[in-house]
1. With respect to Val124, determine if the residue is within 21 Å of Leu58 (Cα to Cα) and touching a residue at least 12 places away in the same chain (Cβ under 8 Å).
2. Got a number for residues in the stretch 27-52 being buried (at least 20 other Cβ atoms within 10 Å of the Cβ) and more than 21 Å from Leu128 (Cβ to Cβ)?
3. Which residue pairs have Cβ atoms under 7 Å apart, sit 6 or more places apart or on different chains, and have a first residue in the stretch 15-32 that is farther than 14 Å from Val80 by Cα and a second that is among the acidic types (Asp, Glu) and part of a loop (DSSP other than H, G, I, E, B)?
4. Count, please, the residues in the stretch 128-149 that happen to be outside any loop (DSSP other than H, G, I, E, B) and either buried (at least 19 other Cβ atoms within 10 Å of the Cβ) or among the hydroxyl-bearing types (Ser, Thr, Tyr) (or both).
5. Can you tell me which residue in the stretch 59-99 is surrounded by the most Cβ atoms within 10 Å (Cβ to Cβ), limited to those that are under 12 Å from the mean Cα position of the chain (by Cα) and assigned to a loop (DSSP other than H, G, I, E, B)?
6. Taking the condition in contact (Cβ under 8 Å) with a residue 40 or more places away in the chain and not in a strand (DSSP E or B), does Ser102 pass?
Amino acid sequence: MGVLARVDEPDEWMSRAEYRLWAEGRPGRFERINGQVVAMAAERVGHSRIKGKVYLTLTAAVAAEGLPCEVLVDGPTIEVGESDYEPDVIVRCGTEVVSDDSLAVPDAMVIVEVLSPTTRRTDVSQKLADYFLVPSVQHYLILFADRVQAIHHRRAGDRIETRVLTQGDIMLDPPGLTVTLASFYPVGRAGSVR
């Protein structure tokens, strides 16, 4: 997801309630970062392909393991302080059902962002720090769109461990999933994305 300043972005700080009212029915996609509305640029096809593969791969892995989890793509937000982030893919687990009308996922366990040139700085810094403020978040995966590479941040007690992967398995435990990095990328993209 990219960020691009647009004329219809309000300049003033907005509360979450004000932001929700403002955004309802408005064309385009937005995030609220530290109370400021930020428009998200149109997605490139390559970004969308990777996001789709992540959704399909994680959905299949959840089903294969028989876990009480669901995989959500595009739309639901993660609320952290005065920010409302819209990750590319979210995995939430548990027996509690999130309402169909909910705009936010309160119990995300795995969050996936596919990098784009305009969001790279926010995705690798502010979102990294903020996502782990949510107690349920165990994994934050950052996928590169221009090459087969991931940065896997995972909660390990009171610290965050980080691995950079260009191949092999990604272990998401909890909830108990193992997927290959290559499964997140369209076929024929070993090493670089075309």
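1. For Val124, the condition - within 21 Å of Leu58 (Cα to Cα) and touching a residue at least 12 places away in the same chain (Cβ under 8 Å) - is not met.
2. Total meeting the criteria: 1.
3. Hits for this filter: Arg29/Glu86.
4. Of the residues in that region, 7 qualify.
5. Pro87
6. On the way: in contact (Cβ under 8 Å) with a residue 40 or more places away in the chain: no; not in a strand (DSSP E or B): yes.
So Ser102 does not fit the description; no.
None of the figures in this text is laboratory data; all of them are computed from the coordinates on show. Note that the coordinates shown come from a computational prediction; the quantities given were computed from them, not determined experimentally. Backbone-built Cβ (ideal geometry, glycine too); neighbour counts: all protein chains shown.
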